[in-house]
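The next block holds one structure in the form of structure tokens; read it before the comments.
The values are calculated or read from the model by the stated rules, or taken from the named source; none is laboratory data. Computed from a prediction, not measured in an experiment: that's the story for all the values here. Please note: Cβ atoms are built from the backbone with ideal geometry, for glycine as well, and neighbour counts cover all protein chains shown. Remember, those area values only see protein heavy atoms, side chains included, never the ligands or the DNA or RNA. Shrake-Rupley method; radii C 1.70, N 1.55, O 1.52, S 1.80 Å.
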Amino acid sequence: IMPVVAGSEVVVEWHHFNTTESDNVISPSHRGPCLVYMAPLESNGLGNSWFKIYEQGFNVERNMWCTDIVRENHGKLTVKIPTQINNGEYLLRTEIIALHNAKTEGEAQFYPNCAQISVTGATSGNPELYPISGIYNSTEPGVLFNKHKGGATYIIPGPP
């Protein structure tokens, strides 16, 4: 379990084959958003236990998807741990949604990963909780999306 101070940043990583800078991380065709959720460890991630702490879809200024930025950073994404949560142990779920085939229902590809963290220095809080199972549906705009029409109209799926 990785110790983390609330309000600090953690770096999460995705890699294809290895952790060298030559690793292509994810295919350039697999463009889409990055999302990060947390759930109290004692929940085992079951039921209404997850809350979103980060989302990035299409960056209009840079004309890049979050996955492009992850590739540019050699598989790394920096995420700030919120302060308005309770101290304790959490599951940290990172996720990429690849939209290269998402113009067809059921064809978006999900790349989740989890880690365990122990948060200290939080100010307490009660974020709204959601079940991760069923958090998206196959017809919502952020999952059923034709990325070839451009990312400026993209709506990130799931809860706020």
*Kindly list, by first and then second residue, each pair from a residue in segment 117-140 that is touching a residue at least 40 places away in the same chain (Cβ under 8 Å) and assigned to a loop (DSSP other than H, G, I, E, B) to a residue that is open to solvent by less than 70 Å² (accessible area, probe 1.4 Å) and aliphatic (A, V, I, L, M), limited to pairs with Cβ atoms under 7 Å and residues at least 6 apart or on different chains.*
Gly121/Ala6; Ala122/Ala6; Ala122/Ile85; Gly125/Ile85; Pro127/Ile85
*Output for segment 56-68, where each listed residue is within 13 Å of the chain's Cα centre (by Cα) and not small (Gly, Ala, Ser)*: Gln56, Trp65, Cys66, Thr67
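Within segment 91-101, take every residue that is under 15 Å from the mean Cα position of the chain (by Cα) and without any contact (Cβ under 8 Å) to a residue 60 or more places away in the chain and give me the one that is least open to solvent (accessible area, probe 1.4 Å). Outline the logic, then answer.
Of segment 91-101, the ones under 15 Å from the mean Cα position of the chain (by Cα) are 91-99.
Cutting the leftovers down to without any contact (Cβ under 8 Å) to a residue 60 or more places away in the chain gives us 91, 93.
Working: Leu91: 27, Arg93: 44 Å².
Out of the qualifying residues, it is Leu91.
Select from segment 102-152 the residues that are of a type in the set (Ser, Thr, Tyr), open to solvent by 60 Å² or more (accessible area, probe 1.4 Å) and under 17 Å from the mean Cα position of the chain (by Cα) and list them in ascending order.
Tyr111, Ser133
Of Gly88, Gly75, Gly7, which residue is open to solvent by less than 80 Å² (accessible area, probe 1.4 Å) and more than 16 Å from Ala115 (Cβ to Cβ)? Don't jump to the end; show me each part of the working.
Working: Gly88 fails: more than 16 Å from Ala115 (Cβ to Cβ); Gly75 fails: more than 16 Å from Ala115 (Cβ to Cβ).
The unique qualifying residue is Gly7.
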_Counted residues, segment 141-157 - those being in contact with a strand residue (DSSP E or B) (Cβ under 7 Å, 6 or more places away or on another chain) and of a type outside the set (A, V, I, L, M)_ = 2
_Residue among Trp14, Trp50 that alone is on the phi < 0 side of the Ramachandran plot, modelled with pLDDT under 95 and of a type in the set (Phe, Trp, Tyr)_ = Trp14
*If we keep just the residues of segment 34-63 that are in contact (Cβ under 8 Å) with a residue 40 or more places away in the chain and among the charged types (D, E, K, R), which is least open to solvent (accessible area, probe 1.4 Å)?*
Lys52
